[in-house]
Amino acid sequence: MAKLEIDWTRCDGHGLCATLLPDDVALDEWGFPVLRGRGIDADEVPNARRAVLACPALALRLGRGGG
Ligand code: SF4
């Protein structure tokens with residue numbers, strides 16, 4: 001199962017990922033993303049890929065969740 005990952009050296013808290021993937025990403029009080037830790041099912045992958053491509057800082061990745 002795939003899993004979202006954030007490159008913290010790049011993320012600058014635009015919050016777009018939380019808007020596009022509200023089931024997977026929350027925002028902390030500073031507007032930085034907090035991953036909810038869900039696995040991304042196969043049918044959710046296209047949506048997650050769109051969010052990855054939409055991240056203005058290229059900080060969001062879709063990796064393998066290891067299970
Ligand atoms: S869209 Fe990208 S830069 Fe913005 S909060 Fe999400 S991971 Fe960070």
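A short reminder: the numbers here are calculations on the coordinates, not readings from a lab. As the structure is a prediction and not an experimental result, all values here were calculated from the model. Here the Cβ is made from the backbone with ideal geometry for all residues, glycine too, and neighbour counts use every protein chain on show.
Can you pull the Rg over Rh of the chain, Cα-only, Kirkwood?
0.93
If you find the alpha carbon centre of region 44-63 and of region 1-42, how far apart are they in angstrom?
That distance is 9 Å.
Quick one: what are the phi-derived ³J(HN,Hα) couplings along region 29-44, Karplus 6.51/-1.76/1.60 with θ = phi - 60°, whole Hz, x for glycine and proline?
Going residue by residue, I get 5, 9, x, 8, x, 10, 6, 7, x, 5, x, 9, 5, 4, 6, 9 Hz, with x marking Gly and Pro.
Which peptide among 34-42, 15-23 comes first, and what is the full order, when sorted by highest mean count of other Cβ atoms within 10 Å?
15-23, 34-42
What is the extension gain from Arg49 to Arg61, computed as 0.36 nm multiplied by their sequence separation minus the C-alpha to C-alpha distance, in nm to one decimal?
This chain segment gains 3.5 nm when fully extended.
List the residues, sorted by chain then number, that are 5 or more residues from Arg36 or on another chain and whose placed amide H is less than 5 Å from its amide H.
Here Val25, Ala26 satisfy the definition.
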